[in-house]
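Let me begin by presenting the structure, written as structure tokens, before commenting on it.
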Amino acid sequence: MDYLLSRGYSRNTISAYGRAMESALEMAGPIDPLEFNRAYVIRYLAWIRKIPSKRPGSLRRPLALATVAQRLVGLRAFAGYLIDCGQLDRNPVMRGGSRRTPEGHVIRTRRGLCPLPGRVPQIPNDTQWLDLLRVLRPRCVRDRLMFVLAYDGALRRNELAGLWLSDIDFSARTMTIRQEASKTGVQRTVPYSATSSLLLREYLPHRRKVAGRVPHLFVSESPRNHGGSLSGYTWGRLASELADQARLPFFSTHTLRHLRLTDLARSGFDIKELALFAGHRSFDSTLTYIHLSGRDMSRAFQRAAGTMTERVELL
């Protein structure tokens, strides 16, 4: 754990890597560096794709491909540790290969051990959005502020929970996502809306009564951690409750980020501006929202509309 912490990995990542090692130990016991080779990795992959999920409600289905890929990343990190210790010559957990074209597109040159299917994020339509606002309205001001700020800044779960009061610039109406709070380690400053400003004005007097000596914007009001910092788990639980009440099973803490970035793409943000707002290191992730918005396809359709109209008129 100290090795991963020294390399800047978050505790959530370390926990995920720990689950990978637990499953490796469950399969074959302690790993002998002399036997940690490509054959071992293939055997591990075949085994882990057959074991059932332990998540409640999974009905003993096999692990999702994303979980399998995450376990392989954890195993790769352990192999990297053995390499650093001089106990292994090369990493047996093969990566997928790719290269970038001059236009910025990524082309896969080698298939990875567990390629994931490309999935388009699901975002709420206008009716579903109104349903979410309806179930959100009776909630306390802290919950409403978390929801709106998450949308305004396209914030990830831990970025929202990690906001400090000092990160808010009230005069400029912006918030700064610090480097240590960002998933990618990229600091960025994003604006928030007038609605968030009004909710902040309502929330801060209440926060002063509850908050202990913590710098965080959002504080816990539970008896167990009263006045302490709020975790990303609490925001995830709130999102689950809203999803159940609004009957939107796909809704999660990340849905607001997907929706905000798609709205920005529709409003005309180019890919560089969108990547900067989202805190993406690569344009590959940003392209998802360009495609999801349908903006480029709509423009291409409009350019071709004249010719297509002429063909239809011939009927």
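Of the residues making up the range 197-238, those that are touching a Lys or Arg at 6+ places or on another chain (Cβ under 9 Å), touching a residue at least 60 places away in the same chain (Cβ under 8 Å) and polar (S, T, N, Q) number 0. Taking into account only those residues within the range 226-269 that are in a helix (DSSP H, G or I) and hydroxyl-bearing (Ser, Thr, Tyr), which is surrounded by the fewest Cβ atoms within 10 Å (Cβ to Cβ)? The qualifying residue surrounded by the fewest Cβ atoms within 10 Å (Cβ to Cβ) is Tyr233.
Checking Ala69, Ala16 one by one, the residue that is within 30 Å of Lys272 (Cα to Cα), modelled with pLDDT under 85, within 26 Å of the chain's Cα centre (by Cα) and surrounded by 14 or more Cβ atoms within 10 Å (Cβ to Cβ) is Ala69 and no other. Among the residues of the range 72-85, those identified as more than 17 Å from the chain's Cα centre (by Cα) and in a helix (DSSP H, G or I) are Leu72, Gly74, Leu75, Arg76, Ala77, Phe78, Ala79, Gly80, Tyr81, Leu82, Ile83, Asp84.
If I ask for residues that are buried (at least 19 other Cβ atoms within 10 Å of the Cβ) and free of Cβ contacts under 8 Å to residues at least 40 places away in the same chain, which ones from the range 37-66 would you list? Within the range 37-66, Tyr44, Ile48, Leu63 qualify. In this entry, Ala46 is excluded by the filter for residues that are within 29 Å of Arg157 (Cβ to Cβ), modelled with pLDDT of 85 or more and not aromatic (Phe, Trp, Tyr). For the range 161-183, what are the residues that are surrounded by fewer than 16 Cβ atoms within 10 Å (Cβ to Cβ), in a helix (DSSP H, G or I) and free of Cβ contacts under 8 Å to residues at least 24 places away in the same chain? Answer for the range 161-183, where residues must be surrounded by fewer than 16 Cβ atoms within 10 Å (Cβ to Cβ), in a helix (DSSP H, G or I) and free of Cβ contacts under 8 Å to residues at least 24 places away in the same chain: Gln179, Glu180. Kindly indicate whether Ser282 is surrounded by fewer than 19 Cβ atoms within 10 Å (Cβ to Cβ) and not charged (D, E, K, R). It is true that Ser282 is surrounded by fewer than 19 Cβ atoms within 10 Å (Cβ to Cβ) and not charged (D, E, K, R). The residue list Leu88, Leu82, Leu34, Leu4 contains one member that is farther than 30 Å from Gln179 by Cα and touching a residue at least 24 places away in the same chain (Cβ under 8 Å), which is Leu88. Restricting the range 154-211 to residues that are among the β-branched types (Val, Ile, Thr) and more than 16 Å from the chain's Cα centre (by Cα), the residue that is nearest to Arg139 (Cα to Cα) is Thr195.
Among the residues of this structure, Ala239 does not count as one that is of a type in the set (A, V, I, L, M), within 18 Å of Leu149 (Cβ to Cβ) and in contact with a strand residue (DSSP E or B) (Cβ under 9 Å, 6 or more places away or on another chain).
The values are calculated or read from the model by the stated rules, or taken from the named source; none is laboratory data. Quick caveat, the model's predicted, so the values are computed rather than measured. With ideal geometry, Cβ positions are generated from the backbone for all residues, glycine too; neighbour counts draw on all protein chains shown.
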